Amino acid sequence: MPFFAPFLILFSASSFVLATSYLQRTEIVGQNFYDAFHFEDQPDPTHGRVTYVNESIARESNLTFASSDTFIMRADYTTYLQPSDPGRNSVRIVSNQQYSILAAIFDMRHMPEGCGTWPAIWTVGADWPNQGEIDIVEGVNSMMPNTASVHTSSNCQMPSSGRNMSGISNGDNCAAYETNNAGCGVGFTDTQQDPRSFGPGFNSHSGGWYAFERTSSEFKLWFWSRSDRSVPDQVQYATEAVDTSTWGQPIGHWIDDLCDFTTHFGPHNIVINLALCGDWAGNDYVYKASGCPGTCEDFVNTNPATFSAAYFDFALISIYT
């Protein structure tokens, strides 16, 4: 997803450090989300049938809710829209700090699902695509499993072999404008019988943990379902210190062999948002292939109750630098 916000505060280790052990922890839980993120009520850059609201409206309308151990963010699920109305209200939050070196654990109980939905958790630089974008969680219309992607400016490739990962490469060219913004993706390998990494499959197992690491020379992405017995204690309990080398083989792995990370990636903000329809979810072919009825915009306009399941439920986010 493209991003056009200005630079915020840089908070990172040296961009030339290669580390697997992290000691400093920032825990974002419950009400802390309101301090760690700001709300963007800008027009949707992916041209969706959505209106992103500010924090005041989000809280007054219960599009966000926080308790001691929960943060909910969601789309409106009560309003019937006319074609001439603005898009359905939803939420887009952006971290107040930027990161160049980090490990992060996202503990989620639920993610948005349903026709017309396009949820995403991602990181991005201020000058898109020149400072890069890394999509951690992303998908549309409840189509499983998850796909993680990297988007850059020109001259950034991933090698066709030699990447230590269990996921499946969906393309080696990361350049956004040369790939119709597909970038270099990695498809998750959930089984068809029991998909757990995205949408209804993720939610039916009470969610799980996504973990991400960015260094100066590689990005790694892991996922464990809530019902997965192999989740590391460091991830499950978000310990004060973590060593990512103990987390096992990542699902996604991006390396700098054919891509100069120092020139293609700048400091990144963390973005969490729920778009509706738009360039991907609302694409006629994609929408129909998802088994969704009618057109995406008509569905979003006239079926508010179906968006009762279109919400994120975060237990916490732990960030290590």
Residues located in the stretch 88-134, provided they are open to solvent by 10 Å² or more (accessible area, probe 1.4 Å), in contact with a Leu (Cβ under 9 Å, 6 or more places away or on another chain) and either more than 22 Å from I319 (Cβ to Cβ) or without any contact (Cβ under 8 Å) to a residue 12 or more places away in the chain (or both): N89, W118
Residues of the stretch 274-283 classified as of a type outside the set (D, E) and in a helix (DSSP H, G or I), total: 3
Tally, over the stretch 212-251, of residues that are within 23 Å of T147 (Cβ to Cβ) and either open to solvent by less than 10 Å² (accessible area, probe 1.4 Å) or not small (G, A, S) (or both): 21
Subset of the stretch 41-70 (residues that are surrounded by fewer than 19 Cβ atoms within 10 Å (Cβ to Cβ) and in contact (Cβ under 8 Å) with a residue 60 or more places away in the chain): H47, D69, T70
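Could you please let me know if G167 is within 16 Å of E138 (Cβ to Cβ) and at pLDDT 95 or above? Break it down stepwise before answering.
Details: within 16 Å of E138 (Cβ to Cβ): yes; at pLDDT 95 or above: yes.
Considered against the rule, which asks whether it is within 16 Å of E138 (Cβ to Cβ) and at pLDDT 95 or above, G167 comes out as yes.
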Qualifying position, being surrounded by fewer than 17 Cβ atoms within 10 Å (Cβ to Cβ), farther than 23 Å from G187 by Cα and over 20 Å from the mean Cα position of the chain (by Cα), among A305, A289: A305
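On the basis of being in contact with a helix residue (DSSP H, G or I) (Cβ under 7 Å, 6 or more places away or on another chain) and crowded, with 19+ Cβ neighbours inside 10 Å, does R74 make the cut?
No, not satisfied.
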Flag for T147 being at pLDDT below 95 and not small (G, A, S): yes
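When you check W254 against the structure, is it closer than 26 Å to F223 by Cα and either open to solvent by 10 Å² or more (accessible area, probe 1.4 Å) or assigned to a loop (DSSP other than H, G, I, E, B) (or both), yes or no?
On the way: closer than 26 Å to F223 by Cα: yes; either open to solvent by 10 Å² or more (accessible area, probe 1.4 Å) or assigned to a loop (DSSP other than H, G, I, E, B) (or both): no.
Spelling it out, it is not the case that W254 is closer than 26 Å to F223 by Cα and either open to solvent by 10 Å² or more (accessible area, probe 1.4 Å) or assigned to a loop (DSSP other than H, G, I, E, B) (or both).
Of the residues V235, V300, V286, V271, which is outside any strand (DSSP E or B) and within 25 Å of N173 (Cα to Cα)?
Details: V235 fails: within 25 Å of N173 (Cα to Cα); V300 fails: within 25 Å of N173 (Cα to Cα); V271 fails: outside any strand (DSSP E or B).
Result of the check over V235, V300, V286, V271: V286.
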Matching residues, the stretch 194-209, being more than 14 Å from Y311 (Cα to Cα) and touching a strand residue (DSSP E or B) at 6+ places or on another chain (Cβ under 6 Å): R196, S197, H205, G208, W209
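Go through S161, S206 for me and flag whichever is over 29 Å from G291 (Cβ atoms) and open to solvent by 60 Å² or more (accessible area, probe 1.4 Å). Give the derivation first.
Values: S206 fails: over 29 Å from G291 (Cβ atoms).
The unique qualifying residue is S161.
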In the stretch 206-227, the residues that are within 15 Å of P250 (Cβ to Cβ), over 15 Å from the mean Cα position of the chain (by Cα) and in contact (Cβ under 8 Å) with a residue 24 or more places away in the chain: T215, S217, E218
Test: residue in the stretch 292-301 that is surrounded by 16 or more Cβ atoms within 10 Å (Cβ to Cβ) and small (G, A, S): no
Within the stretch 164-203, tally of residues that are open to solvent by 10 Å² or more (accessible area, probe 1.4 Å), touching a residue at least 40 places away in the same chain (Cβ under 8 Å) and among the hydroxyl-bearing types (S, T, Y): 3
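The values are calculated or read from the model by the stated rules, or taken from the named source; none is laboratory data. For clarity, every value in this text was computed on a predicted model and none was experimentally measured. Please note: Cβ atoms are built from the backbone with ideal geometry, for glycine as well, and neighbour counts cover all protein chains shown. Just so you know, the surface numbers come from the protein's heavy atoms only, side chains and all, with ligands and any DNA or RNA stripped out. Shrake-Rupley method; radii C 1.70, N 1.55, O 1.52, S 1.80 Å.
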